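Everything below concerns the one structure shown next.
Only the coordinates and a few stated rules stand behind these numbers; no lab work does. Predicted, not measured: the structure shown is a model, and the values here were computed from it. Positions of Cβ are generated from backbone atoms using ideal geometry, with glycine treated the same way; all protein chains shown enter the neighbour counts.
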Amino acid sequence: MENFALNATHKGGLTISHYLDCSPNVVSVFKEVNKLVLVVTIGLVSVSLLRTFRPSTSRASASAQASYVIEGLSFGHKGAISPNGRAVPGWHLSGENHTPQLLSDRIILTPPAPGGTRGAIFADNPITQPEWVVETEFRASGQERGSGNINFWFVDTGRSAVGQSSIYTVGKFDGLALVVDQYGSRGGSIRGFLNDGSANFKDHHNVDSLAFGHCDYAYRNLGRPSKLRIENGPHGLRVDIDGTSCFHSEKVNLPPGYFFGVSAAASENPDSFEVYKFAASTTNSITREEPNSEAKRQHLEKLDKFPGSPEVLPDADASTILDQTHQFADLHNRLQAMNHQFTNMFAEFERLSRQLNDRHAELMAKVAGSNAGDSSDKSQQPTGEALLPLSRRVENIERIVLAIQRDVEGKDYREHLTNLQQSIEGVRGGLTEHLPETISHMISTAAPKMGMFIFVVIAFQVMLAGAYVIYKRRRANAPKKYL
């Protein structure tokens, strides 16, 4: 125990002494005080949270009915459609006879020129919520007699069933199709079509008769985007255009697991169809972001692996807690579980601290005890282990030298030297005795004969002389010509 005294003299000569005791008991008391302060802090936070989370029943129900945008099935609702200008995240863009143009604020499915083009955009993932609302904005512009159509799809297999088709060229599909075109010669209309996969619209003799709902709407050359709203819920299917009801059917209830898509087709006198926004939302807050909630749930389950921790409380939807009693009970249980977690964490940290201290002391003892032995071993190590490879190499060299010496001393090379000397003497004797005779014989046999040469020369001269005599005689006997 160590005591430190701090003396301070006050006016009037009063001396105050303050002693600090740093014994292990006092340290444990300090730790308990820290825990108590932490618990008090948590209690104050809980009181403030309890005061904050006192919404009325109507407010809780209103928050439960709030709509949430499904990011993976929407575009254009947060400004720029594409983050890189090349693709729309979560969507597949395709075209026929042209490539749809992707701008910062809209997608041009069919251009003003040329005609006969098609364009489509379909979601890569289906919607998993049974209740949803789609709000989309589109615009159609073109010549005075231009034509074409834009189709909004909700089908089971997505782009594989539709592609770039319109309601008149699509084959069999399972789902809903909303068509905006100039049917009826009243400036335009919006019609709804349903199919369970049994009807082939491409081969049907009268596709227009299959519509289950419609309304008139002049959509061309408005100079502004048209706002289409599609709602699927417990009260059926409802379609609104520019804030006005188009048609409604309580008998239609679309199932989840289908894909959204938009396609447009232009004729020879084309209309340009542009999509500015497509926002799919749902009122179910639990399934708003299923992957993230699943990851959080797994993370909470992993927290339960902590030693001594209580069972992790599952997440609860806000709409299930309607009165203040349930709210207080839920908050109390969670704060109590949090307090247990903090207590167990302090206990675990203390245990780890003791283990680290014991381990450190053990290592220091081993290091202190092995210093002397290590120094002596290091000084003797070069004379033993370091010279062992060198000694082995010297022994190998010695064995090789002894083997060479035995070979040289054990064999007799005199006979080989005698035979070599005799061979050399035989070659030298042959050269000195037979070489002159051989050379003279070669010269005598190969040299030309002089008699033959002289005979040829004389014969040639005699022939020349005879030829000259004959020539002179013939010339002398030849007739003479006179001028």
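Explain nothing, just the number: relative contact order of segment 69-282, from Cα pairs under 8 Å at least 6 residues apart, as a whole percent.
Computed over segment 69-282, the figure is 35 percent.
Between V69 and S94, the FRET efficiency estimated from the beta carbon spacing at R0 = 25 angstrom works out to 0.50.
With bins 5 Å wide beginning at 0, the percent of Cα pairs of segment 69-282 falling in each bin runs 1, 7, 16, 21, 23, 18, 10, 3, 0. Put a dot 7 Å past the Cα of T169, heading toward its Cβ, do the same for D407, and the two dots end up 9.2 nm apart. For segment 99-223, the relative contact order comes to 21 percent (Cα pairs under 8 Å, sequence separation of at least 6).
Take the residue pairs K172/K277; K172/K227; K78/K227 and return only those whose Cα atoms are more than 19 Å apart. Mind showing how you got there, number by number?
Values: K172/K277 28 Å; K172/K227 28 Å; K78/K227 16 Å.
Among K172/K277; K172/K227; K78/K227, the Cα-Cα distance tops 19 Å for K172/K277; K172/K227.
Full extension of the chain segment joining L417 with A459 gains 8.5 nm, where the gain is 0.36 nm per residue of separation less the Cα-Cα distance.
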